[in-house]
Amino acid sequence: MVWSDALNPYVLKSREHPAVTREYHSLWKTFENSSCVVDLGCGNGHFLDAYLEDRPTWKGLGVERRFKRVYKTAQKLEQRGGSVFNGDIHEFLEDSPSDFWNEVWLQFPDPWPKVRHEKNRMVRESLFRHIHRMLKPGGRFFFRSDCKLYWELLQSMNSEWRLYPITLVLDGDLFAKGPQTLYQRKFLALNVPIYSLEFQKSGLPA
């Protein structure tokens, strides 16, 4: 164990948890040929845990980099048969198989509002194209955020590239009746506006 690992007790906890993985090959084997959903930047797993509770036949994956969040999500998802990938979201997107996921969720990514931090922004062309590639025919990409810039950027990219023929757009929360994230609860309490999108890939759902 390196010194930095010793300073964070969740490093070892997450590595030893059976629901946590950093290895791609076994991950794809777990989810292939199933109805599956991935939550990019799943936080502590509150949303995905509740989402899978309503879909007992589905398999769910959370993707998260921070060890404490990974461990807390794993504790919740273990009882649902779900998993957590501990790693970078963009690397995960690059390695994910094509035509694989039924649903992809991206919720409240860090907005990085300053221009000098633009390179750190989650929403970019590569993310949008990879998500489209990863989805099964008829699969859906769900997005919600407090960042209007991201909301407008995704609409602009789809207008330019026409990847998704079916799009729902709301200056508000399309998914308000479903499970909530911790950030969503915080923003609702502060009356912060929420923006949402739903994209559906062409083709018949699997």
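So here's what we get for this one:
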quantity	calculated
Residue among Glu91, Glu64 that alone is on the phi < 0 side of the Ramachandran plot, free of Cβ contacts under 8 Å to residues at least 24 places away in the same chain and either in contact with a helix residue (DSSP H, G or I) (Cβ under 7 Å, 6 or more places away or on another chain) or crowded, with 20+ Cβ neighbours inside 10 Å (or both)	Glu64
Residue within segment 30-38 that is more than 28 Å from Pro137 (Cα to Cα), without any contact (Cβ under 8 Å) to a residue 12 or more places away in the chain, polar (S, T, N, Q) and exposed (fewer than 15 other Cβ atoms within 10 Å of the Cβ) present	no
Among the residues listed as Tyr71, Tyr51, the single one being in contact (Cβ under 8 Å) with a residue 40 or more places away in the chain, farther than 19 Å from Arg133 by Cα, more than 16 Å from the chain's Cα centre (by Cα) and open to solvent by less than 60 Å² (accessible area, probe 1.4 Å)	Tyr71
Count of residues meeting criterion [crowded, with 16+ Cβ neighbours inside 10 Å, closer than 14 Å to Cys36 by Cα and not hydrophobic (A, V, I, L, M, F, W, C)] in segment 117-141	3
The one condition in (1) under 13 Å from the mean Cα position of the chain (by Cα); (2) open to solvent by 20 Å² or more (accessible area, probe 1.4 Å); (3) modelled with pLDDT of 95 or more that Leu106 fails to fulfil	(2)
Positions within segment 77-88 being part of a helix (DSSP H, G or I), open to solvent by 10 Å² or more (accessible area, probe 1.4 Å) and free of Cβ contacts under 8 Å to residues at least 60 places away in the same chain, in sequence order	Gln79, Arg80
Lone qualifier among Thr167, Thr181 - being open to solvent by less than 70 Å² (accessible area, probe 1.4 Å) and within 20 Å of Cys36 (Cβ to Cβ)	Thr181
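The values are calculated or read from the model by the stated rules, or taken from the named source; none is laboratory data. The structure presented is a predicted model; accordingly, all values stated were derived computationally and were not measured. For neighbour counting, all protein chains shown are included, and Cβ atoms are generated from backbone atoms with ideal geometry for every residue, glycine included. When the accessible area is computed, the model is the full protein with side chains, heavy atoms only, and any ligands, DNA or RNA have been set aside. Shrake-Rupley method; radii C 1.70, N 1.55, O 1.52, S 1.80 Å.
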